[in-house]
Amino acid sequence: GNIDANGDLDVDGRSELDNVNVAETLNVTGVSTFANNITVNGSTSTFNGDVFARSLTLTDNGTSTNPILLIKTDDQSPWGFQVRNDTYGTGSQGFKIYQSNAGVNYVQTRGTSARGRLIMQQHNGTTTNDMIEFTEAGEVIVQYRGSEKLKTTGTGVEISDDINVAGVSTFIGETNIG
């Protein structure tokens, strides 16, 4: 049957509830484990501390003007977003994004060897091509459909194919053509 509790309910020990609907506030102290999906509805939901999930899906209902994900940071921990592969990286290694107090936005890859590279790719449904690669050595490589076209070096820029220029070209210093 139904139980209607019009006051506080204090349970000492274990409670097993099959279907719980909390209309106001649920305060939980300690570890809470959820075996299935959690749906959070409302204008504001606050999680203090770490939240662990195998996957997280944020869905827009199409009615809000707010962003689907807003990450707010401060001076104490300005890195608002970090992706790290725990098999290869620890601590501050990984892909990071933050905004400084001056409004400057930073994207950083932090690691050693190949883990310090950033590659922007394009996928057309069939084929994936690298577009721009920022290497751990500091080079920037620009590609077109998987073919390297431009690369920065310690002494300048290497262009691996034709240069088509429309308009005036001004060269200062030594110029080698041919």
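The values are calculated or read from the model by the stated rules, or taken from the named source; none is laboratory data. Note that the structure is a prediction, hence the values are computed from the model and not measured. Using ideal geometry, Cβ is built from the backbone for each residue, glycine included, and neighbour counts are taken over all protein chains shown. Accessible surface areas use protein heavy atoms only, side chains included; no ligands, DNA or RNA. Shrake-Rupley method; radii C 1.70, N 1.55, O 1.52, S 1.80 Å.
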Q.
Out of the total accessible area of the stretch 30-121 (probe 1.4 Å, heavy atoms of protein only), what percent is carbon and sulfur?
A. 48
Q. Please state the relative contact order of the chain as a whole percent: Cα pairs under 8 Å, 6+ residues apart?
A. 7
Q. With r defined as the distance between the Cβ atoms of Ala53 and Thr128 and R0 fixed at 22 Å, what FRET efficiency is calculated, to the nearest 0.05?
A. 0.20
Q. Along the charge dipole of the chain, which of Gly138, Gln122, Thr152 sits closest to the positive end, that is, farthest toward it, with unit charges on the beta carbon of Lys, Arg, Asp and Glu (+1, +1, -1, -1)?
A. Thr152
Q: Take the alpha-carbon positions of the stretch 123-178, form their convex hull, and give its projected area averaged over all directions (one quarter of the hull surface) in nm².
A: 5.8
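Ordered by packing density, taken as the mean number of other Cβ atoms within 10 Å over each peptide's residues, highest first, how do 89-98, 168-177 rank?
89-98, 168-177
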Q: Provide the per residue accessible area, probe 1.4 Å, for the stretch 30-178, rounded to a whole number of square angstrom.
A: 87
